[in-house]
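Structure provided below as structure tokens; questions to follow.
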Amino acid sequence: MRSSPGDKSPNRTTHYGGWSSRILTGGNKMDWMDLHSLLAVAREKSITRASVRVHLTQSTLTTRIRKLEDELGAKLLVRSPSGVRLTDLGSRVLYHAIRAKREMGAMLAGTGESGESAESRQASTDGMPTAFKIGAASLISPAFLDPLLRELRLAFPGFRYDLMAEQPELIAESIVLDDVQLGVVPRSSAAVQGVLSVPLYEEEMVLVIPSGGPPLAPDDPKTPRELLGRTFVTFYECVSVRTSIDAFVAAWLGGMPEDIRRTNDVGYLLRMVASGTGFAIVPRSLVYGLETPPGCRLYRLSRPGSPEQDVCLVYAEASPYAARLRAVAERLTVRYRSDRTPAAAVN
């Protein structure tokens, strides 16, 4: 699939788990000081004390916060008897602001890398790459990559690689910049100009329940009503897959459970279910290849997942290895398709 030329327009909007990526791709005036101001207010719980901390007047600090709210389309702060506090959206934005501050500090301090260029990582005397930098969406099961790594070794003798887990949107952008040569991401994150994507795996949803309770029959008409009254364990809104999970759950159950517990990690999610906290519904690629997790029972759901969550292999359109990578992806598609489980139980 090739993205359309319009994908890189300044007004392009992608959602990073509930808030717009316009703040990262243009069409806005947000800067680092805006995020720094939000961090200060969250820490001090006071506009007055925060303005002193960041050496701004109260009116300037307030203007910066309002600019953030205008760009995101919702309130980030509300006043309470104990001071200023974050709204739900404010908490999600704060997570990204903290991460941005940490990564900015790491960049300024230096990371200890050798400084080798993308060209030197890939250069070789016989036209073969000496190494690839592979980016995988951070929630995808490590076992999902095993077939890919085997195929790459066959296609590129002497194949060496670096592997990183990252937010899928950042992987696609890094491919454009040639910092990453190969990515494994959901289709929804692959539509970036200059990046080619080949579907690998048609995503399906998996129901996870505690093994200590009675089994469920996913196709039983009573099951959705029963689950609707239980606690739902899922990911925080800042995790990109949350949107598609919510859409699936709402369609299948006829609404969202009232009690929702959240985490940002697949392993923690499985442990929460195993401990009896509630049930979960996740894309199968997140638990691919796992033995039945201790304390959990997994069921493949007959309802299809969102096509936007189908897993793709992505690489630069200008890659000198594009033809070979496409052949690798096509072989993997057959491999993953043959692995689809016909029975209700996944593992």
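Here, each number is a calculation from the coordinates, and none is a lab measurement. All of these numbers come straight from a predicted model, not from anything done at the bench. In this analysis, Cβ positions are derived from the backbone assuming ideal geometry, glycine residues included, and neighbour counts consider all displayed protein chains.
Counting C-alpha atoms alone, how compact is the stretch 60-113: give Rg to one decimal and Dmax as a whole number, in angstrom.
Just the Cα atoms of the stretch 60-113 yield Rg and Dmax of 14.4, 48 Å.
Still on this structure: For residue 162 and residue 99 in the same chain, what is the full-extension length gain: residue separation times 0.36 nm, less their Cα-Cα distance, in nm?
20.4 nm
From the backbone phi of the stretch 321-328, what are the Karplus-calculated ³J(HN,Hα) couplings (6.51 cos²θ - 1.76 cosθ + 1.60, θ = phi - 60°) in whole Hz, Gly and Pro given as x?
Once θ is set to phi - 60°, the couplings for the stretch 321-328 become 10, 4, 5, 5, 5, 5, 5, 4 Hz.
I'd like the Karplus ³J(HN,Hα) series for the stretch 171-182: coefficients 6.51, -1.76, 1.60, θ = phi - 60°, whole numbers in Hz, and an x wherever there's a Gly or Pro.
Going residue by residue, I get 5, 4, 5, 5, 5, 4, 7, 6, 7, 10, 9, 8 Hz, with x marking Gly and Pro.
Another question, if that's okay. With a ≥ b ≥ c taken as the square roots of the eigenvalues of the C-alpha gyration tensor of the stretch 204-318, please select rounded if a/c is under 1.5 and otherwise prolate if a/b is larger than b/c or oblate if it is not?
Details: a/c = 1.64, a/b = 1.45, b/c = 1.13.
Cα axes put the stretch 204-318 in the prolate bin.
Here's a follow-up. Leaving out same-chain residues fewer than 8 places away, which aspartates and glutamates sit with a Cα under 18 Å from that of residue 101?
Once the sequence-local aspartates and glutamates are set aside, what remains near residue 101 is 31, 34, 44, 166.
Turning to a different aspect of this structure: Through the Karplus equation 6.51 cos²θ - 1.76 cosθ + 1.60, θ set to phi - 60°, convert the phi angles of the stretch 43-55 into ³J(HN,Hα) values in whole Hz; use x for Gly and Pro.
6, 8, 6, 7, 5, 5, 5, 5, 5, 5, 4, 9, 6
Show the residues, 5+ positions off or on another chain, whose built amide H is closer than 5 Å to the amide H of residue 46.
So residue 46 has HN proximity to 84.
Would you please give the FRET efficiency between residue 53 and residue 79, computed as 1/(1 + (r/R0)^6) with r the Cβ-Cβ distance and R0 = 30 Å, to the nearest 0.05?
Values: r = 19 Å, r/R0 = 0.62.
For residue 53 and residue 79, the calculated efficiency is 0.95.
Would you list 245, 171 from fewest to most Cβ contacts within 10 Å?
245, 171
Here is a follow-up. Take each of the peptides 136-149, 204-217, average the number of other beta-carbon atoms within 10 Å over its residues, and list them starting from the highest.
Numbers: 136-149: 18.0, 204-217: 16.3.
With the highest mean Cβ count within 10 Å placed first, the list reads 136-149, 204-217.
For the stretch 165-233, restrict the atom set to alpha-carbon positions and state the Rg and Dmax in Å.
Rg then Dmax for the stretch 165-233, in Å: 18.8, 51.
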